[in-house]
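The values are calculated or read from the model by the stated rules, or taken from the named source; none is laboratory data. Everything numeric in this text was worked out from a predicted model, so none of it was measured. Note that we place each Cβ from the backbone using ideal geometry, even for glycine, and neighbour counts take in every protein chain shown. Each accessible area value is taken on the protein alone, full model and side chains, heavy atoms only, with ligands, DNA and RNA left out. Shrake-Rupley method; radii C 1.70, N 1.55, O 1.52, S 1.80 Å.
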Amino acid sequence: MRTRVTELLGIEHPVVQGGMQWVGLAELASAVSNAGGLGIITGLTQPTPEALLKEVARCRDMTDKPFAVNLTILPTIKPVPYEEYAQAIVDSGVKIVETAGRNPEPFLPLFKAAGIKVIHKCTSIRHSLKAEKIGCDMVSVDGFECAGHPGEDDVTNMILLPLAARRLKIPFLASGGFGDGRGLAAALAMGADGINMGTRFMVTQEAPIHHNVKQRMVEASELDTALIYRSLRNTARVFKNSVAEQVMAIEARAGETNFEDIKHLVAGVKGRELFNDGDLDKGIWSAGMVVGLIDDIPTCAELISRIVREAEHIISDRLERMIA
Ligand code: NAD
């Protein structure tokens, strides 16, 4: 397949791995890139900007294909020196960045001067248009189905993607709810130039998380995600485990929720421990509705080639026959 995304990013297949806290390590990013997609290292998963530089170097040892770094700007428990992470991204020599969370405008001059292409992840059309206006090269349009932070508008990709196709000039990825060839074919049909997948890549051989987490997501249905932090206007879609249920119960109490009331349950470090030791009720982890479509743990190469093959078959066979 050749799309504006494959051309602009210099990759073989229009499949991008989304930035994922604690999951976007060199092992996964290099596996996705070696399989012809775009792998992404998650910047804030590294404890310091120096560690991020080392992680990029480690990834470069594992692949000679393009890969990117994600920089997410959202509320955090500990303050993050975003400027230093942005500088580390430039110093690392990567040529593609995925920004998310907040308007990336303050960092654009730095990235542009270094010849870095910027993909901004947006959960609305107004943010996508703004990203185009300020000079982002591409957006990743993130529907309500997605894992992590879907924003507060609750608009699904069935509406967001055709709107993006009508209004944007720059290429865009469809993100949220994608995990198979049907999804890729549908995304292309709705005007996207490729797909971004997070949750689906968590359930691969190379994802650096405990097997219990992968297996639980294989067993899960589309009803097994939960929305938390709604009351704080920082909504996140996470796997519906007992901890997510406790957070929802606290948020449902009368009166305002204070982040301090749930902090002990949601701290990212607990999620990292859960990924390491496989104790599924230790903390929370992000997961999208696409868990309902996931029923195996393939390698990244098997997954990407299956998705592309399926999509090609749908486009050139199933749809073609309907026209005839
Ligand atoms: P953390 O441990 O600092 O915080 C845990 C969670 O609580 C995060 O989702 C964070 O956004 C939220 N949070 C923190 N302070 C808050 C506040 N005052 N009000 C409302 N919500 C608050 O975060 P982490 O797990 O180490 O993650 C680091 C960064 O990566 C954060 O910006 C986080 O939002 C982001 N992240 C993104 C995704 C995603 O899917 N997009 C998933 C996990 C984390």
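Condition test on Asn276, is it open to solvent by 40 Å² or more (accessible area, probe 1.4 Å) and either part of a helix (DSSP H, G or I) or under 29 Å from Gly183 (Cβ atoms) (or both)?
Details: open to solvent by 40 Å² or more (accessible area, probe 1.4 Å): yes; either part of a helix (DSSP H, G or I) or under 29 Å from Gly183 (Cβ atoms) (or both): yes.
Answer is yes for this residue.
Give the number of residues within segment 12-30 that are under 25 Å from Ile314 (Cβ atoms) and buried (at least 24 other Cβ atoms within 10 Å of the Cβ).
Step one: filter segment 12-30 for residues under 25 Å from Ile314 (Cβ atoms), giving 12-18.
Applying the additional criterion that residues be buried (at least 24 other Cβ atoms within 10 Å of the Cβ) yields 14-18.
Residues that pass the stated criteria total 5.
Among the residues of segment 226-250 satisfying the criterion of being in contact with a Phe, Trp or Tyr (Cβ under 7 Å, 6 or more places away or on another chain) and within 14 Å of Ala267 (Cβ to Cβ), which is nearest to the ligand (Cβ to nearest atom)?
Filtering segment 226-250 for residues in contact with a Phe, Trp or Tyr (Cβ under 7 Å, 6 or more places away or on another chain) gives 232, 235-236, 238-239.
With the extra rule that they be within 14 Å of Ala267 (Cβ to Cβ), the set shrinks to 236, 238.
Numbers: Ala236: 5, Val238: 8 Å.
Only one residue fits best here, namely Ala236.
Enumerate the pairs (first residue in segment 136-160 and in the same structural domain as Thr42 (by TED's automatic domain parsing) and on the phi > 0 side of the Ramachandran plot; second residue anywhere and outside any helix (DSSP H, G or I) and within 13 Å of the ligand (Cβ to nearest atom)) with beta-carbon separation below 6 Å, excluding pairs fewer than 6 apart on the same chain, so at least 6 apart or on different chains.
Correct list of pairs: Gly148/Ala236; Gly148/Ser286; Gly151/Thr123.
Give segment 251-260 a look and list any residue that's among the acidic types (Asp, Glu) and either loosely packed, with under 14 Cβ neighbours inside 10 Å or more than 13 Å from the ligand (Cβ to nearest atom) (or both), or say none.
Within segment 251-260, Glu256, Glu260 qualify.
Does Leu265 fit the bill of being out of contact with any strand residue (DSSP E or B) (no Cβ under 8 Å at 6 or more places or on another chain), open to solvent by less than 10 Å² (accessible area, probe 1.4 Å) and under 27 Å from Leu223 (Cβ atoms)? I'd like the intermediate steps shown before the answer.
Working: out of contact with any strand residue (DSSP E or B) (no Cβ under 8 Å at 6 or more places or on another chain): yes; open to solvent by less than 10 Å² (accessible area, probe 1.4 Å): no; under 27 Å from Leu223 (Cβ atoms): yes.
When the stated conditions are applied, Leu265 does not pass them.
Would you check if Glu206 is of a type outside the set (A, V, I, L, M, F, W, C), away from the ligand (no atom under 15 Å from the Cβ) and within 23 Å of Asp153 (Cβ to Cβ)?
Details: of a type outside the set (A, V, I, L, M, F, W, C): yes; away from the ligand (no atom under 15 Å from the Cβ): yes; within 23 Å of Asp153 (Cβ to Cβ): no.
Here the answer is no, as Glu206 does not meet what is asked.
Do any residues in segment 197-216 that are open to solvent by 60 Å² or more (accessible area, probe 1.4 Å) have Cβ atoms under 8 Å from those of residues that are at pLDDT below 95, where the two are at least six apart or on different chains, and which pairs are they?
Taking only residues 6 or more apart or on different chains, not a single pair turns up.
Yes/no matrix, rows are residues, columns are (1) more than 19 Å from the chain's Cα centre (by Cα); (2) among the charged types (D, E, K, R):
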position	(1), (2)
Phe239	no, no
Gln246	yes, no
Glu260	yes, yes
Gly268	no, no
Ser286	no, no
Asp295	yes, yes
Arg309	yes, yes
Ile315	yes, no
Leu319	yes, no
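Here is a list of conditions, (1) crowded, with 19+ Cβ neighbours inside 10 Å; (2) within 16 Å of the ligand (Cβ to nearest atom); (3) not assigned by TED's automatic domain parsing to the domain that holds Trp22, and Ser175 meets all of them except one; can you say which number that is?
If we test Ser175 against (1) crowded, with 19+ Cβ neighbours inside 10 Å; (2) within 16 Å of the ligand (Cβ to nearest atom); (3) not assigned by TED's automatic domain parsing to the domain that holds Trp22, just (3) comes out false.
What about Val80, is it at pLDDT 95 or above, assigned by TED's automatic domain parsing to the domain that holds Cys136 and over 14 Å from Ala29 (Cβ atoms)? Full working, then the answer.
On the way: at pLDDT 95 or above: yes; assigned by TED's automatic domain parsing to the domain that holds Cys136: yes; over 14 Å from Ala29 (Cβ atoms): yes.
When the stated conditions are applied, Val80 passes them.
I'd like the full set of residues that are within 12 Å of the chain's Cα centre (by Cα) and either closer than 20 Å to Pro106 by Cα or of a type in the set (A, V, I, L, M) (or both), limited to segment 140-170.
Within segment 140-170, Ser140, Val141, Ala147 qualify.
Condition (residue is at pLDDT 95 or above, within 18 Å of Gly176 (Cβ to Cβ) and either more than 16 Å from the ligand (Cβ to nearest atom) or assigned by TED's automatic domain parsing to the domain that holds Leu163 (or both)) applied to segment 103-117: is it met by at least one residue?
No, the conditions are met nowhere in segment 103-117.
Take the residues in segment 279-292 that are outside any helix (DSSP H, G or I) and either at pLDDT below 95 or surrounded by 16 or more Cβ atoms within 10 Å (Cβ to Cβ) (or both), then tell me which one is nearest to the ligand (Cβ to nearest atom). Let's see the steps before the verdict.
Taking segment 279-292 first, the residues outside any helix (DSSP H, G or I) are 279-288.
From the residues that got through so far, the ones that are either at pLDDT below 95 or surrounded by 16 or more Cβ atoms within 10 Å (Cβ to Cβ) (or both) too are 280, 282-288.
Numbers: Leu280: 17, Lys282: 13, Gly283: 9, Ile284: 8, Trp285: 8, Ser286: 4, Ala287: 9, Gly288: 9 Å.
The qualifying residue nearest to the ligand (Cβ to nearest atom) is Ser286.
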